[in-house]
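Undergrad: Dropping the structure in here first, questions after.
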Amino acid sequence: MEEVKLLGWWVSPFSRRVELALKLKGVGYEYIEQDLAHKSQLLLEYNPVHKKVPVLVHNGKTMAESLVILEYIDETWPNNPILPRNPYDKAMARFWAQFIEEKEEERGKLVEEASQCFITLEGELKGNKFFGGEEIGMVDIAANFIGYWLGVVQEVSGMELVTRDKFPVLCKWMDEFVEHSVVKETLPPRDELHAEFEARLGAPSWKY
Amino acid sequence: MAKEIKLLGTWASPFSHRIELALKLKGLQFEYLEEDLSNKSQLLLQSNPVHRKIPVLIHKGNPISESLVIMEYIDETWQHQNPLLPKDPYARAVARFWAKFIDEKVLWTAFKAYNDKGKEQEDAIEEFSQQLKFLEGELKGKEYFGGERFGFVDIAAFFILQFLRVLQEVKEAELMTEEKYPVLFEWMEKLQGNEVVAGCLPPREKHIAYVRARRAAAEEAASKTKAA
C-alpha cells in the first residue's frame with residue numbers, strides 16, 4: 001500500500017514543484033495544507049531542521065528540500081523521467097537546478113545580476129521547448145518560480161524585469177510552461193496569489 | 001588514462017578536497033591542475049563560465065562544476081568500487097539533504113559566527129551551535145554519516161569542518177570543541193586517521209597561515225570601504 005503525503009503551502013513554488021513532479025508521474029498523494037504563520041506539530045516533527053514546506057512522506061519516510069524530493073520521486077517512480085539517464089546530462093540538469101535555486105536566494109540583489117541570470121538561462125534553452133527538451137524536466141520544475149510566480153511578483157512590485165522584448169526566448173518558455181496540461185493543475189490561482197503577495201508588501205517571502 | 005580526467009582545484013579549498021578524495025576512493029588516475037584564483041586560467045573560464053569557480057572536473061573534455069554535482073557524477077560514472085551514495089532512494093534523499101544542509105546553511109552561518117560582530121554574530125553563534133547539534137544527532141550511534149562506511153555526507157562534511165577548525169584557530173574562537181561536540185570530534189579523528197582521506201588535507205600550518213592572511217586582507221578591505 002503506497003502512502004504518499006505532501007505537506008505544502010498553496011503560495012509556495014517549492015511546494016508546487018513537488019506537486020508537479022508527482023502529477024507528471026501519476027502518483028496519488030494526500031495534500032496537507034500548512035499554515036506557515038502557525039506551524040503544525042506535524043511540520044515541526046517532520047522537518048525539525050528547517051521547519052519548512054515542502055515535506056514529502058512516503059510510507060512513513062519523511063523528506064525535505066524540494067530538489068532532494070524531486071530526485072527521490074524520479075528514482076522511486078521512474079515513469080516519465082524528469083532527469084536524463086546519461087550521467088553527464090544529469091549533472092548538467094542538477095547544475096542548472098542549483099543555479100536557479102541560488103539565484104532565487106539572492107533575489108533581493110541587483111537588477112543587473114538578475115538580468116544576467118535570465119540571459120544565461122535563455123542560452124540553456126538551446127532552441128528547445130523546455131529545459132528538459134521536448135518534455136518538462138527537473139530544470140523546468142526548478143524554474144517554476146520564473147515560469148509563473150515571477151509574473152505576479154512583477155505586477156505587485158511594479159518592476160518589469162522580464163519583458164518580451166528583452167527576453168523573448170525566456171518568455172516563450174514561460175508561455176509553454178504555464179500552458180502545459182500538468183503544470184496548469186499545480187498553479188495557484190493568479191488573483192489569489194496576487195492578493196497574497198500584495199498583503200505581504202513588495203518582496204514576497206514564501207520561504208518560511 | 002590520466003588525460004581523460006582533469007581536476008581544476010586549489011590546495012586550500014575544502015570543495016576541491018572533496019573531489020580529490022572522491023576520485024582517489026574510486027581508484028581513478030587524474031591530472032590535477034592548481035588554479036590561481038587571482039589569475040584564473042583560460043581552461044577554468046571556459047569550463048565554468050557561469051561561476052568561474054573551482055572545483056571543475058573535466059571528463060573526456062566535458063566539464064562539470066559544483067562539488068556535490070561532481071560527486072554524484074563520479075559516483076554514477078564509476079560504480080565499480082567505494083560507492084559514495086547508498087542504493088536505496090530514501091537513504092540517498094537523506095544523504096543529499098544533509099550535504100545540502102552543510103553547503104547552504106552550516107558553512108555560511110559559521111562564517112558569520114566567526115567573522116561578524118555584535119548581535120549578528122551572537123545570533124549566528126547560536127544558530128551554528130544548533131546546526132552542529134543537528135549534525136551530531138544524525139551521526140550518533142553510527143560509525144559514519146554513511147553508516148558502516150563513510151560516504152557522500154562524510155566527504156561533504158569533513159573538509160568543511162576541518163576548514164572551519166582552521167578558521168577557528170585563526171579567529172582564536174572556541175565555537176567547535178570536543179567537549180561540546182564529542183560525537184563530531186570522534187568522527188573527525190576517525191577520518192583523519194584514514195590515509196586516503198588525510199592525504200587530501202593540506203598541511204595544517206600552511207592552511208592556517210593562508211586563512212589568516214586572507215582574513216587580514218578581507219578585514220583591511222572592509223575597513224577601507226567603511227572609511228571611504
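Undergrad: Within the range B:1-12, count every residue that is open to solvent by less than 20 Å² (accessible area, probe 1.4 Å) and part of a helix (DSSP H, G or I). I'd like the intermediate steps shown before the answer.
TA: So in the range B:1-12, the residues open to solvent by less than 20 Å² (accessible area, probe 1.4 Å) come out as B:5, B:7-10, B:12.
Filter again for part of a helix (DSSP H, G or I), leaving none.
Qualifying residue count, the range B:1-12: 0.
Undergrad: Do any helices (runs of 4 or more DSSP H) entirely within the range B:84-202 hold 1 or more residues that are within 30 Å of A:Pro54 (Cβ to Cβ), and if so, which?
TA: Details: elements: B:89-101, B:107-115, B:118-139, B:152-171, B:182-192, B:195-198.
So the answer is B:89-101, B:107-115, B:118-139, B:152-171, B:182-192.
Undergrad: A further question on this structure: Among the residues of the range A:63-78, are any more than 11 Å from chain B (Cβ to nearest Cβ), assigned to a helix (DSSP H, G or I), over 19 Å from A:Val182 (Cα atoms) and among the hydrophobic types (A, V, I, L, M, F, W, C)?
TA: Scanning the range A:63-78 turns up no residue that is more than 11 Å from chain B (Cβ to nearest Cβ), assigned to a helix (DSSP H, G or I), over 19 Å from A:Val182 (Cα atoms) and among the hydrophobic types (A, V, I, L, M, F, W, C).
Undergrad: Looking at the range A:4-33, which of the residues that are among the small types (Gly, Ala, Ser) and in contact with a strand residue (DSSP E or B) (Cβ under 9 Å, 6 or more places away or on another chain) is farthest from A:Pro78 (Cα to Cα)? Steps first, please.
TA: Step one: of the range A:4-33, the residues among the small types (Gly, Ala, Ser) are A:8, A:12, A:15, A:21, A:26, A:28.
Remaining after also requiring in contact with a strand residue (DSSP E or B) (Cβ under 9 Å, 6 or more places away or on another chain): A:8, A:15, A:28.
Values: A:Gly8: 23, A:Ser15: 21, A:Gly28: 15 Å.
Checking each candidate, the answer is A:Gly8.
Undergrad: Which of the residues spanning the range A:4-28 are under 16 Å from A:Ile82 (Cβ atoms), of a type outside the set (Val, Ile, Thr) and more than 15 Å from the chain's Cα centre (by Cα)?
TA: The answer is A:Lys25, A:Gly26.
Undergrad: Taking B:Glu31 and the conditions (1) in contact (Cβ under 8 Å) with a residue 12 or more places away in the chain; (2) within 13 Å of another protein chain (Cβ to nearest Cβ); (3) open to solvent by less than 60 Å² (accessible area, probe 1.4 Å), which numbered condition does it fall short on, given that it satisfies the others?
TA: (2)
Undergrad: Among helices (runs of 4 or more DSSP H) lying entirely in the range A:144-202, which contain 1 or more residues that are in contact (Cβ under 8 Å) with a residue 12 or more places away in the chain and closer than 20 Å to A:Leu22 by Cα?
TA: On the way: elements: A:150-157, A:168-179, A:181-186, A:190-199.
So the answer is A:168-179, A:181-186.
Undergrad: Just for the range B:188-223: of the residues that are touching a helix residue (DSSP H, G or I) at 6+ places or on another chain (Cβ under 7 Å) and under 17 Å from B:Ala110 (Cβ atoms), which one is modelled with the lowest pLDDT?
TA: Step by step, filter the range B:188-223, then rank; the result is B:Arg215.
Undergrad: How about the range B:13-28: which of its residues are within 14 Å of chain A (Cβ to nearest Cβ) and open to solvent by 30 Å² or more (accessible area, probe 1.4 Å)? Please lay out each step first, then the result.
TA: Keep residues of the range B:13-28 that are within 14 Å of chain A (Cβ to nearest Cβ), which gives B:15, B:19, B:22, B:26.
Across the range B:13-28, the qualifying residue is only B:Phe15.
Undergrad: Taking the range B:13-68 on its own, how many of its residues are in contact with a helix residue (DSSP H, G or I) (Cβ under 7 Å, 6 or more places away or on another chain), charged (D, E, K, R) and part of a loop (DSSP other than H, G, I, E, B)?
TA: Selection size over the range B:13-68: 5.
Undergrad: A further question on this structure: Within the range A:23-36, how many residues are of a type outside the set (A, V, I, L, M) and part of a helix (DSSP H, G or I)? Explain how you work it out, then say what you get.
TA: Applying the first criterion (of a type outside the set (A, V, I, L, M)) to the range A:23-36 yields A:23, A:25-26, A:28-31, A:33-35.
Then drop every residue that is not part of a helix (DSSP H, G or I), which leaves A:23.
Of the residues in the range A:23-36, 1 are of a type outside the set (A, V, I, L, M) and part of a helix (DSSP H, G or I).
Undergrad: Another question, then. Those residues that are closer than 29 Å to B:Val196 by Cβ, crowded, with 16+ Cβ neighbours inside 10 Å and more than 10 Å from every other protein chain (Cβ to nearest Cβ), I need them from the range B:79-110; list them, please.
TA: If the condition is that a residue be closer than 29 Å to B:Val196 by Cβ, crowded, with 16+ Cβ neighbours inside 10 Å and more than 10 Å from every other protein chain (Cβ to nearest Cβ), then B:Asn82, B:Pro83, B:Leu84, B:Leu85, B:Pro86, B:Ile102, B:Val106, B:Leu107, B:Ala110 are the ones that fit.
Undergrad: Would you point out the residue of the range B:34-75, among those that are more than 30 Å from B:Ala217 (Cα to Cα), open to solvent by 30 Å² or more (accessible area, probe 1.4 Å) and out of contact with any strand residue (DSSP E or B) (no Cβ under 7 Å at 6 or more places or on another chain), that is farthest from the other protein chains (Cβ to nearest Cβ)?
TA: Taking the range B:34-75 first, the residues more than 30 Å from B:Ala217 (Cα to Cα) are B:58-64, B:69-75.
So of that shortlist, the ones also open to solvent by 30 Å² or more (accessible area, probe 1.4 Å) come out as B:60-63.
Pick out the ones that are also out of contact with any strand residue (DSSP E or B) (no Cβ under 7 Å at 6 or more places or on another chain) and you get B:60-62.
Values: B:Lys60: 9, B:Gly61: 11, B:Asn62: 6 Å.
The residue in question is B:Gly61.
Undergrad: Please work out which one of (1) away from chain A (no Cβ under 14 Å); (2) under 16 Å from B:Leu184 (Cα atoms) is the condition B:Ala113 fails and give its number.
TA: Checking B:Ala113 against (1) away from chain A (no Cβ under 14 Å); (2) under 16 Å from B:Leu184 (Cα atoms), the one that fails is (2).
Undergrad: Out of A:Lys52, A:Lys90, A:Lys39, A:Lys103, which single residue is open to solvent by 20 Å² or more (accessible area, probe 1.4 Å), within 14 Å of chain B (Cβ to nearest Cβ) and outside any helix (DSSP H, G or I)? Outline the logic, then answer.
TA: Values: A:Lys90 fails: outside any helix (DSSP H, G or I); A:Lys39 fails: within 14 Å of chain B (Cβ to nearest Cβ); A:Lys103 fails: outside any helix (DSSP H, G or I).
Sole residue among the options that is open to solvent by 20 Å² or more (accessible area, probe 1.4 Å), within 14 Å of chain B (Cβ to nearest Cβ) and outside any helix (DSSP H, G or I): A:Lys52.
The values are calculated or read from the model by the stated rules, or taken from the named source; none is laboratory data. Bear in mind the structure is a predicted one, so any value in this text is a computation, not a measurement. When we count neighbours, we look across all protein chains shown, and the Cβ atoms used for this are built from the backbone with ideal geometry, even at glycine. Keep in mind that these areas ignore ligands, DNA and RNA; they rest on the heavy atoms of the full protein, side chains included. Shrake-Rupley method; radii C 1.70, N 1.55, O 1.52, S 1.80 Å.
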